[in-house]
1. Would you pick out the residues in segment 91-115 that are surrounded by fewer than 16 Cβ atoms within 10 Å (Cβ to Cβ) and either under 23 Å from VAL132 (Cα atoms) or not polar (S, T, N, Q) (or both)?
2. Scanning for something in contact with a Phe, Trp or Tyr (Cβ under 7 Å, 6 or more places away or on another chain) and at pLDDT below 85, does segment 280-303 turn up at least one residue?
3. (1) touching a residue at least 60 places away in the same chain (Cβ under 8 Å); (2) under 29 Å from THR335 (Cα atoms): which one isn't true of LEU172, the others all being true?
4. Assuming LYS82 fulfils every condition listed in (1) at pLDDT 90 or above; (2) buried (at least 16 other Cβ atoms within 10 Å of the Cβ) apart from one, which condition is it?
5. What number of residues within segment 109-137 are under 19 Å from ILE372 (Cβ atoms), in a helix (DSSP H, G or I) and touching a residue at least 40 places away in the same chain (Cβ under 8 Å)?
6. Kindly establish whether LYS73 is at pLDDT 90 or above, within 27 Å of SER355 (Cβ to Cβ), outside any loop (DSSP other than H, G, I, E, B) and among the basic types (Lys, Arg).
7. If only one of PHE343, PHE338, PHE350 is of a type in the set (Phe, Trp, Tyr) and out of contact with any Gly (no Cβ under 6 Å at 6 or more places or on another chain), which one is it?
8. When residues of segment 21-64 are filtered for being free of Cβ contacts under 8 Å to residues at least 12 places away in the same chain and closer than 16 Å to VAL85 by Cα, how many remain?
Amino acid sequence: MGNLLKAFSNPFYRTSSLEILLFFVGWGIWWSFFQIWLTTKQGFTGAQVGTIYSFGSAVTLVLMFVYGSLQDKLGMKKTLLKFIVVCQIFVGPFFTWVYVPMLAANFYVGAVIGAIYLSIAFLAACPVFEAVTERLSRRYSFEYGQARAWGSFGYAVAALCAGFLFTMNPYLIFWTGSVVAAVQLVVLVALSPEKNAALTSQYEVQSETLKESKTPSFGEIIGVFKLIDVWKMIVFVIMSWTFYTVFDQQMFPEFFTRFFATPEAGQQAYGVLNSIEVFLEFLMMGLVPILMRKIGVRKAILLGCTIMIVRIGGCGLVTNPLGVAIIKLLHAPETALFILAVFRYFTLHFDTRISTTLYMVGFQIAAQVGQIIFSTPLGALHDNIGYQSTFLVISGIVCVASIYAFIVLKKDNESVEGQPL
């Protein structure tokens, strides 16, 4: 409790936490039901849903590198965040008057237009908010995991509300996202503790400020692609974290709702499960940094892999909704371990000045590449052999990725070129 009160006394922690909470509320209110909306309200097949996700991943792939490079150049400035939030305000009008008519008129054109907008406003934006928060945490003396936890809490609340809004009127989830984005824009403009010299001098870590003062050159940013250790991480992420979206967003929602007598009952149950799951993720975000200090970053990543294998494989074996729901809750520690440990791996072994680009390229972009590779084939596989057999295939792929990670990941005391543990 003392540590929590100390964290809240830091205005940089409070502001960063509020910003990331609002982002995840505005995203989660519609994203948590996006796959269900595509299948039950728009009537798309698994292969078509896979195509929509693949198009989104392809655009996000390019945009993430652009966003990462821009943010590394901007450093602590929130100009890019404000642009993103302005785009998010239009999510309600976009889904109501643009996306649905275009998908009906020409599926592929609609999928491309949707991919461009959703990537600009949400899909490529998530890691920018995370990276800015992580950078602020190092500079202004607070724990990144504790701030990122509020994002998970926001998503949990949003998912719970979305389950009820969706059954009332599916378009409510998108318009609620617009309202939340408008609130966030006010917060971004109004709250700027970094402009207060007294607060800055009280909380600033001088060594981090000195690093940030040396803005990385474009050559240093592009040089990320020349690092063999980054490519090792890219291969690992493609074979593992890729399935966070393929399994959790593209497949699991409809799979779970099929256990219930009516679609409405299933959708509300899924909303409740999703909110419980992400609330647990909120708790784990605060606990994983403590765990990492005890077992190390490398072991934390490997533990995340083990949980993913059990979780996805378990959903392929269990045949009742309660059992599936319990296994799905393992998502909470898995997500916290992957997000925090992988980010810490980059800031431990690489130059922290290009942390945003490293996180984008080595984790987020790699996952998008994986989604492009796997989304449509696994969607088609599910159409042919069903959800549960497909889950076992995914679990097998992650098992191979875990063995690969055990071999290639650096130990915590090797090549420490960033911020030491």
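1. Result: PRO93, TRP97, VAL98, PRO101, ALA104, ALA105, PHE107, TYR108, VAL109.
2. Yes, segment 280-303 has at least one match.
3. Going through the list (1) touching a residue at least 60 places away in the same chain (Cβ under 8 Å); (2) under 29 Å from THR335 (Cα atoms), LEU172 breaks only (1).
4. It is condition (2) that LYS82 fails.
5. Residues in segment 109-137 being under 19 Å from ILE372 (Cβ atoms), in a helix (DSSP H, G or I) and touching a residue at least 40 places away in the same chain (Cβ under 8 Å): 12 in total.
6. Working: at pLDDT 90 or above: no; within 27 Å of SER355 (Cβ to Cβ): yes; outside any loop (DSSP other than H, G, I, E, B): yes; among the basic types (Lys, Arg): yes.
No: the conditions fail for LYS73.
7. After ruling out the rest, the residue left standing is PHE343.
8. Number of matching residues: 0.
The values are calculated or read from the model by the stated rules, or taken from the named source; none is laboratory data. A quick note: this is a predicted structure, and the numbers were derived from the prediction, not measured. Using ideal geometry, Cβ is built from the backbone for each residue, glycine included, and neighbour counts are taken over all protein chains shown.
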